[in-house]
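Throughout, read-outs are computed from the coordinates displayed, never taken from laboratory work. Owing to the predicted nature of the structure, the values given are computational and were not obtained by experimental measurement. Every residue, glycine among them, receives a Cβ derived from its backbone with ideal geometry; neighbour counts consider all protein chains shown.
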Amino acid sequence: MPEALSASQDFISVLLLQAGYNTVVVMLGAAALGIAAGTVGVFAMLRRRALVADAVAHATLPGVAIGFLVAVSFGLPGRSLPFLLTGAAATAVLAAISIQLVSTRTRLTEDAAIASVLATFFAVGIVLLTVIQTLKTGGQAGLDIYLLGATAGMLRHEAITLSVFSLIAIGFVTLLFKELTLIAFDFEFARAHGFPVRALDLTVLALVLAVVVTGIRVVGLVLIVALIVIPPAAARFWSNHAGRMTVISGAFGAMSAYFGAAISAVYPDTPTGAVIVLVAFSVLLLSAVLGPAMGLIPRMLGARKLRGIA
Amino acid sequence: MTEFMQIDLPAMLTGTLAALVCAQIGNFLILTRQSMLGDAMGHVVLPGIVIAYVLTGLAATWVMLGGAFAAAMVSALLIEFLRRVARVEPSAALGAVFTAMFALGVVLLEQTGVARTSFDVHHILFGNVEGAIWPAATGLASLFDPVALKELPAQIGRLLFGLVVVSAVIALFFKELRVISFDPVFAATIGLSPRLFGTLIVSLAALAAVVSLEAVGVILLVAMMVCPPATARMLTDDLATQMRISIAAALTSGIFGYLIAAFLPSLLGFDLSLGAAGTIALLGGLIQLAAMIAGPKRRPARAV
């Protein structure tokens with residue numbers, strides 16, 4: 001028992017930001033990422049980009065590996081964040097373009113385009129990783145965290161960089177909120193009224209890419225899509241209003257990332273990304289039961305009220 | 001020769017069998033626009049397999065199938081719930097559930113210590129084709145020696161079982177599956193239940209995912225479910241021909257992908273190793289790319 005007690009005390013002190021400066025910065029960085037993912041996610045979901053997001057996330061793996069190899073060839077430590085993230089962004093963009101090309105230029109439908117691009121890019125990444133593992137450069141273990149995410153070993157300036165990126169993404173959503181909502185709910189109406197629908201659609205995709213690339217350090221490229229799709233799904237249960245839904249989704253994203261990062265900081269052997277996703281999914285399940293807009297319990301109460309009237 | 005029989009043959013067999021199982025059912029997934037279902041299946045069955053393994057302490061076929069089946073059922077219910085009750089967009093519902101199930105599987109793997117004994121996350125993600133070895137083999141004669149054959153890696157048995165079931169069911173219901181895939185409305189008018197056969201396709205995909213997952217990993221599973229059928233779709237309009245071409249593409253990827261991974265680096269004089277699962281998947285993708293560039297049926301149908 002004393003062990004469990006101390007673990008829960010640890011947990012509370014971590015939650016209250018008393019776990020040392022570095023952990024605090026990392027948790028706040030994760031929360032910023034969560035807000036960005038949750039807000040961007042609403043539009044990604046409404047524009048049906050959930051699975052594209054998954055594919056581009058997996059497609060960052062070859063980029064991370066190439067970034068590592070380039071950094072090493074310049075004599076730098078392979079783990080340097082700028083190299084890895086630039087590589088990740090490059091192959092993610094390439095994957096997004098490939099999906100577009102395959103689904104418009106061949107008879108394959110979009111789902112097949114997404115799945116084959118995901119598989120092929122990820123395969124390139126795996127082959128490169130196995131090559132890297134046989135190189136004698138050291139630092140290879142550092143690449144592992146990009147798969148399932150980690151807060152351990154994250155440096156302060158890395159966390160701050162990620163937070164700034166996230167805040168920029170949130171800024172974009174706020175600025176373009178009206179236009180993004182319009183194309184999300186009525187694409188044809190927006191087109192007919194002369195809105196730059198193509199540019200706006202690309203903006204949503206660019207924001208998704210930004211969140212994915214920013215998120216792989218904390219959540220990992222395998223599961224980052226969860227932080228984009230789960231909070232908006234949970235927010236559906238609380239409001240039908242686009243603005244409120246976006247705010248709630250951002251808040252859920254932040255909560256999930258913050259608590260998830262805290263839990264994985266306290267308990268050993270818990271990959272940060274997996275824990276964050278499980279926290280987010282618990283929020284979703286709770287919302288499904290309690291949420292006033294479509295939750296099970298409010299729905300049952302509402303049904304009873306209706307019967308009473310009849 | 002003995003070394004080839006002990007190390008290369010079982011690994012090549014594992015990769016190729018998995019490719020064959022996945023590619024066959026993949027033909028119906030891409031025609032019914034459910035390509036990502038293979039990916040989702042590969043992810044959702046993980047917690048089921050881990051829980052079943054922890055509870056029983058067995059890595060037997062029926063234990064894994066049972067656990068995976070239960071996990072797939074739970075996921076299907078959750079997805080339906082999100083779609084119907086919350087009206088969450090279908091692909092987002094799929095994405096939410098399969099990532100959550102996979103996350104659960106990862107945490108269970110780490111927390112229960114299974115990660116250190118039997119399979120770990122890397123093997124699930126990247127595949128461990130090389131893990132299939134056959135120490136009992138002494139030479140070609142072992143192929144006809146029942147005692148030695150009994151010592152073949154267990155995953156080969158599971159893959160063979162999956163291959164037989166998937167091939168047999170597809171052969172048995174080929175006409176029905178063809179109508180359902182190309183024209184579900186017409187299928188309904190002649191009395192075939194799209195729902196029943198839809199469930200059949202999903203169940204076969206789940207079976208293919210389970211037998212392949214622990215043997216070759218998620219990535220090879222996804223690649224082989226989509227790339228060989230997509231390749232074949234660029235070359236023909238006829239489903240039977242499409243199936244045959246996809247099987248040929250899967251065989252080519254499996255055999256040559258393994259040979260490239262195992263022998264190419266040392267032939268070229270590099271001191272490197274290539275992961276077999278990744279190389280097989282990549283070869284499948286490259287074959288598809290070639291078909292997309294030059295295949296006679298690559299163009300989208302023109303709107304009339």
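At 20 angstrom or more along the helix axis (alpha-carbon based) and mean Kyte-Doolittle of -0.5 or higher, what helices does chain B contain? Whole DSSP H runs only. Let's see the in-between values first.
Values: long enough: B:9-31 (33 Å, 1.72); B:35-56 (33 Å, 1.47); B:61-84 (34 Å, 1.28); B:90-112 (33 Å, 1.42); B:154-172 (27 Å, 2.08); B:194-233 (30 Å, 1.69); B:239-267 (40 Å, 1.37); B:276-294 (27 Å, 1.89).
Helix filter hits for chain B: B:9-31, B:35-56, B:61-84, B:90-112, B:154-172, B:194-233, B:239-267, B:276-294.
Per residue of peptide A:268-281, the mean number of Cβ atoms on other chains within 10 Å of the residue Cβ is 5.
How do A:VAL218, A:VAL102 rank when sorted from fewest to most other Cβ atoms within 10 Å of their own Cβ?
Working: A:VAL218 31, A:VAL102 23.
Lowest count first: A:VAL102, A:VAL218.
The ranking of A:TYR258, A:TYR146 from fewest to most other beta carbons within 10 Å of each one's beta carbon is A:TYR258, A:TYR146.
What is the sum of charges, Lys and Arg at +1 and Asp and Glu at -1, for the other residues whose Cβ falls under 10 Å from the Cβ of B:SER35?
Neighbour charge sum, excluding B:SER35 itself: -2.
With one equal scatterer per alpha carbon and no solvent term, the Debye-computed log10 I(q)/I(0) for segment B:2-291 at 0.06, 0.10, 0.14 1/Å reads -0.19, -0.54, -1.04.
Using only helices, what value at 222 nm comes out for the protein assembly as shown when you add -39,500 (n - 2.57) per DSSP H run of length 4 or more and divide by the total residues, to the nearest 500 deg cm²/dmol?
Numbers: 28 runs with 470 residues, N = 614.
Result for the protein assembly as shown: -25500 deg cm²/dmol, rounded to the nearest 500.
Provide A:ASP111, A:ASP144, B:ASP237 in ascending order of the number of other Cβ atoms located within 10 Å of each residue's Cβ, fewest first. Write out the running numbers ahead of the final one.
On the way: A:ASP111 21, A:ASP144 14, B:ASP237 11.
Least crowded to most crowded, the residues run B:ASP237, A:ASP144, A:ASP111.
Peptide A:43-55: average number of partner chain Cβ atoms within 10 Å per residue?
For peptide A:43-55, the averaged partner shielding equals 4.
For B:ILE293, put the label point 7 Å out on the Cα→Cβ axis and report which residues of segment A:82-104 keep their amide N under 19 Å from it. Counting backbone N atoms under 19 Å from the label point, the list is A:94-104. Let me make sure I get this right: for chain A, a, b and c are the square roots of the gyration tensor eigenvalues over alpha carbons, sorted descending. Under 1.5 in a/c it's rounded, otherwise prolate if a/b > b/c, else oblate. Which is it? Since a/c reaches 1.5 but b/c is at least a/b, the shape of chain A is classed as oblate.
Listed by chain and number, the aspartates and glutamates placed with their C-alpha closer than 16 angstrom to that of B:LYS175 are B:ASP183, B:ASP237, B:ASP238; residues fewer than eight positions away on the same chain are left out. With just the Cα atoms defining each centre, how far is segment B:202-269 from segment A:200-241? Give it in Å. Answer, in whole Å: 31.
Calculate the mean, over all residues of peptide A:179-191, of how many other protein chain Cβ atoms lie within 10 angstrom of the residue's Cβ. Walk me through the numbers on the way to the answer.
On the way: counts 0, 0, 0, 0, 0, 0, 0, 0, 0, 0, 0, 0, 0.
Counting Cβ atoms of other protein chains within 10 Å of each residue's Cβ and averaging gives 0.
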